[in-house]
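Scroll down for the structure; my scribbles are underneath it.
Throughout, read-outs are computed from the coordinates displayed, never taken from laboratory work. Predicted, not measured: the structure shown is a model, and the values here were computed from it. Here Cβ is always computed from backbone atoms with ideal geometry, including for glycine, and neighbour counts include all displayed protein chains.
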């Protein structure tokens, strides 16, 4: 595909080589009569700005009005520090420049024409929908010089990759899958169709875990017994759990078992030989499975792998009842995994890098106020304004009280929130009992005056517009219950993306808390431990990485101070050679 890209005028198999480029528009503008120097400068500036926003040079972009409309839907103005008004002006000037220079607005004029052999094949297709499903495959193969009789599975895979890189389509894998399915169906329906069976492309990320139902019934029954024991503990059994495990944790424990069992199969172990949980915790199998899983991460343990090992050790102890030496060996493995495991996942680390830029961090910190201002502008629909206000409140709470998204979504007005007055200042206390928190630790926060004001504004102006049934929840769902965690999380992520250009999900706010506090008070893990309601050891492991940069900045300021204070009194001697 790389060689193909270099040989194509627009580095795309879907764009016609006959289409003019944005560079052609820049040249043509000089010949447009009646343009003042200022107007000419603005139009050219808009074309160059569009190229920068898309991330390509003007000669790499087709000059077609339809193409530009489609491509600019993917541009987030906030990501480039542009207001929506400024972005709209740039877009308007660019489209005007295309119109003035005679560029087409027809979709067909920027799309690549399939080769005659593909067009002949299309003439035999009666249903236009079937033609559409095969159009991009025909364009891709035409750009490669591949005729219908030479299509292979690799071209379906290449089509999916090319569509993903073009970023025109939300789910490019579906286009590739539909192309393969339509091709195979027409092979059966149309006489003389190329006798080639195409396979659907593999998923971009193939799942490696096997469904629990593929394992033996005895294994499934043993898993069910363990999960039931966690769900309904026996108060007379001293080795069992003290209280029922939360549904989300049960689901996670069940998935961990699937992971380890699947890993054991991938090591070459027969799936039929996995008849009980005792098979998984047998020491050799346990090590082989963990080693295979670490192989997916450059032979290094992760926080998730360590958590899985701890969960399986619990099964070995309380369910399988392994011997003391066996249990000691498993606990030793868990301890070593914990020492080497990275406390922060790579994806989260990459997303936190966005906040190394103080400008980006400032945009996030001031986002709640910006959203409130936007929500209160006239002209917005009540529902939309209410959702913007809801996102503002949720983000502000996460900044000052970085709880997990499940606890945020489940905040109950009577059970969890209480108004208090400190002197003349109104504040809001949040108290969430430990049995509702993932790690069992009670959460106790106090929101300051500004967040309390925002809360009151939300309750007065926004929440009533979102109510469809009586509800006692801060963030209500349509049925009166709490808003789904996925719904609130998606709202937060979408609002941050649209208004700052940053990609930040709700759970990342706990890591952001660690970053912010390390900037202000390096080394103060105890405060952070209380804020996040984590143990001191967990806090130091997970957020200690932020201390390195703060410590380095502090040290380098010391070097600058020493250099400023200890200026040489005479001429510096050169170092001997």
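Annotation for region 219-297 versus region 318-336: alpha-carbon center distance of 14 Å. Averaging 1/r over each pair of different alpha-carbon atoms in region 360-506 and inverting the result gives 15.6 Å, the Kirkwood hydrodynamic radius. Computed over the alpha-carbon atoms, region 212-340 gives an Rg to Rh ratio of 0.95, Rh here being the Kirkwood radius from the mean inverse distance. By DSSP, the beta bridges lying fully in the chain are antiparallel in about 95 percent of cases.
Each pair of Cα atoms in the chain enters the Kirkwood radius, and Stokes-Einstein at 37 °C and 0.692 mPa s then converts it into a translational diffusion coefficient of 112 µm²/s.
Normalising the average separation of contacting C-alpha pairs (under 8 angstrom, six or more residues apart) by the number of residues puts the relative contact order of the chain at 9 percent.
Relative contact order for region 18-109: what is it in percent, counting Cα pairs under 8 Å that are at least 6 residues apart? Mind dumping the intermediate values first?
Numbers: 95 pairs, mean separation 39.4, N = 92.
Computed value for region 18-109: 43 percent relative contact order.
Just want the ordering: 45, 558, from fewest to most Cβ atoms lying within 10 Å of their own Cβ. Walk me through the numbers before you get to the answer.
Working: 45 14, 558 10.
Least crowded to most crowded, the residues run 558, 45.
Spacing of the modelled spin labels on residue 52 and residue 431, each 7 Å from Cα toward Cβ, amounts to 5.5 nm.
Per-residue ellipticity at 222 nm computed for the chain from its helices equals -17500 deg cm²/dmol, with DSSP H segments shorter than 4 residues left out and the rest contributing -39,500 (n - 2.57). Extending 7 Å from Cα along the Cβ direction at residue 291 and again at residue 421 yields two label points whose distance is 6.9 nm. The packing ranking of peptides 457-466, 432-441, 498-507, highest mean first, is 498-507, 457-466, 432-441, where packing means the average number of other beta carbon atoms within 10 angstrom of each residue.
Using Cβ counts within 10 Å as a stand-in for footprinting exposure, how do 486, 12 rank, fewest first?
Details: 486 11, 12 22.
Fewest-to-most Cβ neighbours within 10 Å comes out as 486, 12.
Please arrange 159, 210 by counting, for each residue, the other beta carbons lying within 10 Å of its beta carbon, fewest first.
Values: 159 25, 210 16.
Arranged by neighbour count, lowest to highest, 159, 210 become 210, 159.
Per the Debye formula on identical point scatterers at the alpha carbon atoms of region 118-244, with no solvent, log10 I(q)/I(0) at q = 0.09, 0.16, 0.19 Å⁻¹ is -0.46, -0.80, -1.02.
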